[in-house]
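K.L.:
Dropping the structure in here first, questions after.
All of the numbers you see were taken from the coordinates with simple rules; none came from a lab. Note that this is a predicted model, so its numbers are computed, not measured. Cβ sites come from the backbone with ideal geometry, for glycine too, and all protein chains shown count toward neighbours.
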């Protein structure tokens, strides 16, 4: 297979990257991060999560973030809206796009959102309907596509089933998440092959975590199959809540370095992005988990 000529990065740092931080992060810091990411060339930034502050205290300022954004032309600022209440609040803030979150694992779905996979999909139906009315695009996430902390192995057919349901429901894109980062390249290819039978390849994205150091290898494997959208987080922000001390999201800088080396266009300035990663990790007192960023800043 030939690699795609261009790849769109979906930057999840401001939401997925920061949501598990134990210390409160100021709204100004979040807004500055989002603005710097936009300046570095990212066109798709997940900015906030409209969930109950009781469950995710770090995202309690979602309204302030969405309304305080300096909107740059050509950039889509999205938010996670797991239910109708979250969606309505996001719409009030002028959100460009929203996301819903399903799982390929029954046990994970029960532990995470207290319902079965089928029930979770039913809950999304009114969210998609309302978003369609408001002319706001919806992205679907499927977690645990390459393994689950409770169930272990996940059958590719199950991932395909959930992905197909989200796509048919009206999600314009389905992001396949290796939530605990246990996948390896061949597993990633086989999972993708199963999903691509039911959902067109150009409607799929890869959201791979780097817990076992396999994220870039897995991304290379799915790029070969034709995936052209990758979710990543600046400086590798965001731990994996199910594996203590484990790194979470793949670092945006490392992905851009890989794409640059493959001659794949991303429209992102690696130096600006690396400087942003150094800045945010210093601002929140976290280690920079991007190998490329650390190497560039040491030059």
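K.L.:
So how far apart, in nm, are the two label points at residue 157 and residue 125 if each is 7 Å from Cα heading toward Cβ?
P.N.:
According to this spin-label approximation, the distance is 2.5 nm.
K.L.:
Say each of residue 298 and residue 202 gets a label point 7 Å from the Cα, pointing the same way as Cα to Cβ; how far apart are those two points in nm?
P.N.:
Roughly 4.2 nm, to one decimal.
K.L.:
Right, another one. Full extension from residue 269 to residue 186: what is 0.36 nm times the residue separation minus their Cα-Cα distance, to one decimal in nm?
P.N.:
Numbers: separation 83, 0.36 × 83 = 29.88 nm, distance 3.06 nm.
My answer for the length gained is 26.8 nm.
K.L.:
Using mean Cβ contacts within 10 Å as the protection proxy, how do 77-84, 11-18, 169-176, 193-200 order, highest first?
P.N.:
Working: 77-84: 22.9, 11-18: 27.1, 169-176: 21.4, 193-200: 16.8.
Result, highest mean Cβ count within 10 Å first: 11-18, 77-84, 169-176, 193-200.
K.L.:
Okay, moving on. Quick check: residue separation of residue 39 and residue 52 times 0.36 nm, minus the Cα distance between them. What number comes out in nm?
P.N.:
On the way: separation 13, 0.36 × 13 = 4.68 nm, distance 3.02 nm.
Between residue 39 and residue 52, full extension yields an extra 1.7 nm.
K.L.:
Can you tell me what share of the DSSP beta bridges in the chain is antiparallel? A percent to the nearest 5 is fine. Write down the numbers at each step before the final one.
P.N.:
Details: 3 of 35 bridges.
In the chain, DSSP labels about 10 percent of beta bridges as antiparallel.
K.L.:
Using R₀ = 41 Å, calculate the FRET efficiency as 1/(1 + (r/R₀)^6) where r is the Cβ-Cβ separation of residue 282 and residue 63; round to 0.05. Each step should come with its number before you reach the end.
P.N.:
Values: r = 27 Å, r/R0 = 0.66.
The formula returns an efficiency of 0.90 here.
K.L.:
For the pair residue 133/residue 107, report the inter-label distance in nm, with labels modelled 7 Å from Cα in the Cβ direction.
P.N.:
Those two pseudo-labels are separated by 4.0 nm.
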